[in-house]
Amino acid sequence: MSLQPIKDEDYIKVNSVDAFFMPLHGIPTIVCYLEDGRQFYLFSVPAEIVIAINKTKGNKEEEFGDKRENIYDIISFIPEITEEFSKHIEKVIIDDMIRDTGVYVATVEFKFDGVIIQKRMIPSHAIFLAIISNKPIFVKKGLVDEQEKESREGQQKF
């Protein structure tokens with residue numbers, strides 16, 4: 001799959017990321033704060049990713065259930081792994097949605113000996129990789145616009 005080159009008007013850079021469990025319902029959520037002042041939401045992400053992002057950022061997240069460490073803990077624990085990711089990851093781009101399920105898709109660009117290899121990933125996992133490798137995250141503007149429109153239409157129903 002070949003991704004078109006990023007044009008500034010097509011993608012919005014993510015300035016920061018928060019991960020948390022929504023109050024009342026406990027839905028694992030990631031919020032991307034965009035450089036244009038808007039927010040992009042990912043709901044029902046894996047709970048382990050929310051916990052891993054918070055651990056990586058040094059935030060104390062209440063432990064849920066299983067006390068065993070997971071793959072995200074191990075990746076963050078070994079500096080050589082995060083250094084290797086940093087050498088090869090160029091950027092993360094949330095750039096697509098599977099229309100029949102409403103599930104977002106991210107592209108992670110890896111660089112090996114000058115060759116760019118793109119891998120399609122679960123966005124929450126891709127965001128975790130960007131955070132541990134200190135690489136930029138972008139969201140396709142059309143997805144942000146569409147999410148805002150759906151949110152407005154949902155609010156008008158009540």
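The values are calculated or read from the model by the stated rules, or taken from the named source; none is laboratory data. None of the values given here were measured: they were computed from a predicted structure. Cβ: placed from backbone, ideal geometry, glycine included. Neighbour counts: every protein chain shown. Accessible surface areas use protein heavy atoms only, side chains included; no ligands, DNA or RNA. Shrake-Rupley method; radii C 1.70, N 1.55, O 1.52, S 1.80 Å.
Here ILE30 meets each of (1) assigned to a loop (DSSP other than H, G, I, E, B); (2) surrounded by 16 or more Cβ atoms within 10 Å (Cβ to Cβ) with one exception, condition (1). From the list VAL92, VAL45, VAL31, the one residue that fits, being within 16 Å of ILE127 (Cα to Cα), β-branched (Val, Ile, Thr) and touching a residue at least 60 places away in the same chain (Cβ under 8 Å), is VAL45.
Counting only residues that are in a helix (DSSP H, G or I) and more than 11 Å from ALA52 (Cα to Cα), segment 128-142 holds 4 of them. Checking ASN70, ASN59 one by one, the residue that is open to solvent by less than 60 Å² (accessible area, probe 1.4 Å), among the polar types (S, T, N, Q) and at pLDDT below 95 is ASN70 and no other. Confirm whether THR107 is assigned to a helix (DSSP H, G or I) and touching a residue at least 40 places away in the same chain (Cβ under 8 Å). Considered against the rule, which asks whether it is assigned to a helix (DSSP H, G or I) and touching a residue at least 40 places away in the same chain (Cβ under 8 Å), THR107 comes out as no.
For the criterion of being under 12 Å from the mean Cα position of the chain (by Cα) and more than 28 Å from PRO23 (Cα to Cα), LYS111 fails.
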